[in-house]
1. Restricting attention to region 133-158, which residues are surrounded by 13 or more Cβ atoms within 10 Å (Cβ to Cβ), over 20 Å from the mean Cα position of the chain (by Cα) and of a type outside the set (A, V, I, L, M)?
2. Taking the residues in region 121-149 that are part of a strand (DSSP E or B) and touching an Asp or Glu at 6+ places or on another chain (Cβ under 9 Å) as candidates, determine which candidate is nearest to Ile62 (Cα to Cα).
3. Take the residues in region 1-50 that are surrounded by fewer than 11 Cβ atoms within 10 Å (Cβ to Cβ) and charged (D, E, K, R), then tell me which one is farthest from Gly63 (Cα to Cα).
4. Can you tell me which residue is modelled with the highest pLDDT among those in region 154-166 that are among the aliphatic types (A, V, I, L, M) and out of contact with any Ser or Thr (no Cβ under 7 Å at 6 or more places or on another chain)?
5. When Asn78 is evaluated against the numbered criteria (1) out of contact with any Phe, Trp or Tyr (no Cβ under 8 Å at 6 or more places or on another chain); (2) part of a loop (DSSP other than H, G, I, E, B), which criterion, by number, is the only one it fails?
6. Restricting attention to region 63-78, does a residue exist that is under 23 Å from Ser110 (Cβ atoms) and either surrounded by 14 or more Cβ atoms within 10 Å (Cβ to Cβ) or among the small types (Gly, Ala, Ser) (or both)?
7. Any residue that is over 23 Å from the mean Cα position of the chain (by Cα) and among the charged types (D, E, K, R) - is there at least one of those in region 222-239?
8. Taking the stated definitions as given, is Ile114 part of a strand (DSSP E or B), among the β-branched types (Val, Ile, Thr) and in contact (Cβ under 8 Å) with a residue 12 or more places away in the chain?
Amino acid sequence: MAGEARLKPKSFVKDMLGVGLTFNSDRAGDLRYGTTQLYASGNYIFLGKADSSLLVSAGMNIGWCQVGFDYNRATFDNQFDGLQYNKSTSPNERFDYTKYNYADLNLGTSIQYILNQKHKFTYGLGLHHITNPVISYQSNNLSRLDFKLANYLSYTTPININMDIVAEAQINKQGKYYELIPHASLKYYLNKDLNQAILGGLCWRTRDAVIFRMGYHYKTMQTGIAYDINTSKFIAATNHRGAFEIFINYIFKKKPSYVSKKRICPVFM
């Protein structure tokens with residue numbers, strides 16, 4: 001779950017501030033290996049042009065994270081006594097912790113530019129895990145979370161009166177690993193005045209998975225569903241199986257209050 005708000009202090013002529021809060025929790029595998037994260041963010045939004053065609057923002061994100069597993073669900077090879085598994089046999093495995101807490105710091109910036117009210121470009125840069133936090137269950141500093149560099153590119157343009165084409169790419173690098181995810185989709189407007197549209201597209205997580213995406217937009221609400229099919233050689237674990245993901249995004253907008261203005265009607269003689 002994530003939420004953001006845009007604030008405009010009275011002392012600001014055109015620029016704004018952004019604040020946000022993000023919560024993430026997941027559990028996976030036989031040991032219920034879990035990750036819990038709570039992040040707070042703040043950023044400065046610079047309005048480059050009065051018509052909002054250029055928007056630049058920069059900010060930071062700081063959070064608390066916990067990782068851990070359920071040791072009671074673990075089984076070890078030396079608990080096999082030659083005939084069967086024996087839970088009472090000592091596994092001779094030692095963990096100083098089964099849960100570990102750490103702080104995390106991230107920085108980021110984004111640029112959005114609209115050319116001729118037709119071509120929309122977006123670029124985002126994220127610098128994650130600035131402090132290389134330690135994640136270890138053995139009371140040492142040998143295991144650290146590597147610095148991560150994330151790049152996001154997006155381009156949107158209409159191809160006819162009722163349809164836009166959306167092209168995106170995400171490029172991530174962390175330690176010696178990197179990830180490339182290109183994406184393309186079509187957005188068909190059912191009613192432009194209401195921003196009512198349906199979307200359909202395809203992503204490719206290179207050397208790993210093909211992702212199908214569909215979505216529906218109405219006014220300030222965005223919903224979508226995605227399904228990925230694993231294409232990597234790690235068949236023993238995945239067997240080409242994928243997973244469904246859904247999302248809902250809603251923007252609360254304040255309606256400006258209407259103030260009637262009195263005007264003197266000129267009389268011509």
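The values are calculated or read from the model by the stated rules, or taken from the named source; none is laboratory data. Bear in mind that the values here come from a model prediction, so they are computed numbers and not experimental data. Virtual Cβ from ideal backbone geometry, glycine too; neighbours counted across all protein chains shown.
1. Once the filter is applied, which keeps residues that are surrounded by 13 or more Cβ atoms within 10 Å (Cβ to Cβ), over 20 Å from the mean Cα position of the chain (by Cα) and of a type outside the set (A, V, I, L, M), region 133-158 yields Pro133, Ser136, Tyr137, Arg144, Thr157, Pro158.
2. By that ranking, first place goes to His128.
3. Lys10
4. Among those residues, the one meeting the criterion is Met163.
5. (2)
6. yes
7. yes
8. The answer is yes for Ile114.
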